[in-house]
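Below you'll find the structure, written out as structure tokens, and then a few comments.
Read-outs throughout are calculated quantities, based only on the coordinates presented, and are distinct from any laboratory measurement. Just so you know, these numbers come straight off a predicted model, no measurement behind them. A quick note on method: Cβ atoms are made from the backbone with ideal geometry, for glycine too, and the neighbour counts reach across all protein chains shown.
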Ligand code: GLA
């Protein structure tokens with residue numbers, strides 16, 4: 001028989017009301033109930049509430065649009081048993097359920113005790129005094145000394161809630177954690193649609209939409225890293241929620257290792273979303289007195305559909321997640337030489353490209369792969385981070401000086417966590433790679449993964465990067481990661497601790513990034529993993545931007561950007577203009593079209609400038625200059641996806657409005673018009689209806705009769721007609737408040 005403890009609750013604030021502001025504790029809703037405390041968090045347009053039920057379990061009470069401060073949230077009562085097959089423990093929307101007591105839903109935490117017991121039932125113990133919109137709640141197993149501290153922090157502006165958990169073992173013997181989530185969130189029975197992002201190399205950011213049915217939909221990576229296949233983001237819309245309307249819940253995990261989000265509908269049609277470490281092949285031994293911290297799971301709610309959800313999340317990322325939050329500087333327009341020269345870099349060739357890039361108006365010159373070790377192609381050199389003397393006989397200084405003299409800063413490509421077997425590093429330390437001794441080591445792109453979980457590897461990686469940055473005037477690192485894990489063994493550890501590699505590798509990655517930033521505060525970093533294989537809120541806490549995809553075909557990019565911006569802001573979405581025809585689809589497009597597509601994100605140029613005509617160089621220069629004038633609005637403003645390019649749409653359009661609504665920039669694209677069809681009239685969104693805005697063309701024309709200036713109400717209600725026909729054509733306009 002399960003022991004159920006009846007509790008007396010310590011004195012705690014019964015109303016955890018707002019946080020950073022708006023709702024004042026101590027109003028009529030402040031109540032004491034014999035059943036147990038109620039915690040309430042309000043921020044933005046969101047209220048989140050949970051309480052302790054009569055058994056002592058922590059139970060979610062509400063998550064959705066903000067309710068009035070005067071509304072009383074009833075104390076928690078567990079949901080009843082439905083039948084002998086569906087216990088109350090299973091049916092109750094627990095905040096953080098241990099696997100035990102007949103739980104069939106996804107557990108938040110599953111452990112095995114030293115004596116083989118695998119039953120864990122977590123009950124409320126205490127809570128911290130709420131401060132800074134944050135609250136800690138402590139749970140403990142009903143008989144054993146395992147505690148979980150749940151951390152809650154709600155952003156007062158957006159209502160975005162960050163949750164994570166710290167698990168502590170105070171048992172006399174170690175416990176094995178087999179599964180640990182950051183948090184679980186629940187929604188009542190209703191009709192829901194799940195949206196998520198999937199992909200593959202060169203095909204990231206596909207938006208999927210499907211009805212939530214009974215059972216689980218698992219979004220995950222087992223790859224040791226975030227992965228191209230699925231991104232740790234979800235959105236759930238209720239009933240007919242669409243781009244701009246309806247109840248939408250969303251969330252993102254801040255973790256760059258193997259992760260999992262399960263979205264499941266229980267037998268009574270309620271939905272629970274659980275996210276954290278991927279339990280597949282997971283095992284973390286917690287010795288007496290040790291703790292394990294989970295990553296954070298950020299979630300939010302919007303009543304403005306999927307568009308509203310992404311605007312909240314993207315604004316939050318810019319103002320709270322990025323290393324330079326709340327005011328990250330707009331990304332310098334980069335020129336990157338990868339597609340021009342690939343591995344064949346040398347001083348003269350890079351300098352020639354730098355001259356052209358500077359003339360065009362680039363702010364930053366980045367030399368990509370090929371500059372180090374014996375790197376002639378992807379067969380050798382990774383791990384040997386010294387400058388290749390044949391290519392750069394005088395080191396990097398002459399090139400860096402040249403780049404600086406041209407008025408740009410200098411960036412460099414590195415792939416710190418990898419090694420080629422053909423390298424001095426591997427020959428010296430064959431034991432430094434992830435592997436199971438005596439078993440084959442799968443090479444992908446001819447490389448192996450260094451086991452960054454090891455302290456000596458971590459120190460080596462930090463050491464060479466620190467040296468590189470100390471000895472050279474480098475402003476930017478493109479930090480690449482070109483394969484996923486295989487055979488993830490760590491044979492220097494006892495067998496029951498080897499799986500900790502899943503946690504410690506990523507912790508050390510974050511450590512290296514944090515220490516580098518501390519020691520070299522001017523240096524910015526891009527997260528790249530063969531394109532968009534490592535994009536998540538965890539890495540974005542330490543990196544300023546990401547590379548969304550190696551596929552820069554502009555038409556493909558339209559859809560990718562549509563998907564990407566659902567989860568991440570244009571501020572971090574690097575978008576290069578490369579050459580045409582593009583290798584991915586052998587598609588030819590004009591430079592203007594390619595520029596306009598990339599100008600919707602953080603613009604870069606990645607083509608072979610030696611082949612660009614004077615006219616093309618002039619077009620790029622003109623559009624870079626226009627871009628600079630509106631870049632902050634585009635990359636840090638509120639994005640409205642007016643017409644999505646997905647599902648075979650002939651047209652697409654985006655609009656971004658600056659936070660103070662003084663400026664809006666909108667882009668329109670046609671794939672291939674048919675039968676002379678006109679571009680749909682664009683009714684803009686998010687403007688100040690009473691303000692007067694002047695319309696200026698960045699590229700392209702509106703139809704005759706379009707006013708030069710009009711009220712926000714006019715642009716939003718009447719709309720604007722754009723003159724756009726043909727194949728792969730684009731246009732861009734700005735509205736400025738007068
Ligand atoms: C990855 C990146 C590319 C480029 C190459 C260099 O594929 O995504 O942009 O840097 O590596 O090897």
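The label point for residue 343 and the one for residue 585, both projected 7 Å from the Cα toward the Cβ, are 3.0 nm apart.
If the chain between residue 288 and residue 727 were fully stretched, how many nm would it gain, using 0.36 nm times the residue separation less the Cα-Cα distance?
Result: 151.4 nm gained on full extension.
Based on DSSP H segments of at least four residues, each scored -39500 (n - 2.57), the chain has a per-residue ellipticity at 222 nm of -5500 deg cm²/dmol. By the count of other C-beta atoms within 10 Å, a proxy for reagent exposure, 541, 213 are ordered fewest to most as 213, 541.
DSSP beta bridges confined to the range 365-547 are antiparallel in about 25 percent of cases. The residue 683 and residue 170 beta-carbon pair, evaluated with R₀ = 45 Å, returns a calculated FRET efficiency of approximately 0.15.
Provide the packing ranking of 343-349, 266-272, i.e. peptides ordered by the mean count of other C-beta atoms within 10 Å per residue, highest first.
Final packing ranking: 266-272, 343-349.
Here the residues 476, 297, ranked from fewest to most Cβ neighbours within 10 Å of their Cβ, fall in the order 476, 297.
Angle between the Cα long axis of helix 614-636 and the longest principal axis of the chain, 0 to 90 degrees, nearest 10? Here the helix axis deviates by roughly 30 degrees.
Can you tell me how the chain classifies by the Cα gyration tensor, rounded, prolate or oblate, using a/c under 1.5 as the rounded cut? Judged from the Cα gyration tensor, the chain comes out oblate (a/c at least 1.5, b/c at or above a/b). Potential lengthening of the chain between residue 632 and residue 470 amounts to 55.2 nm, from the contour at 0.36 nm per residue minus the alpha-carbon distance.
Placing a label point 7 Å from the Cα of residue 386 along the Cα-to-Cβ line, the residues of the range 409-434 whose backbone N sits under 12 Å from it are 424-425. Axis angle, to the nearest 10 degrees, between helix 305-316 and the longest C-alpha principal axis of the chain: 80 degrees. Rounded to the nearest 10 degrees, the angle from helix 501-519 to the longest Cα principal axis of the chain is 50 degrees. With the simple model of a label 7 Å out from the Cα in the direction of the Cβ, residue 143 to residue 281 spans 3.6 nm. The distance separating the Cα centre of the range 420-485 from that of the range 579-643 comes to 34 Å. Pairs of Cα atoms nearer than 8 Å and 6+ residues apart set the relative contact order; for the range 365-547 it is 20 percent. Label-to-label distance, residue 660 versus residue 129, with points set 7 angstrom from Cα along the beta-carbon direction: 3.9 nm.
Maximal additional length on extending the residue 118-residue 625 stretch stands at 176.2 nm, based on 0.36 nm per residue less the C-alpha distance.
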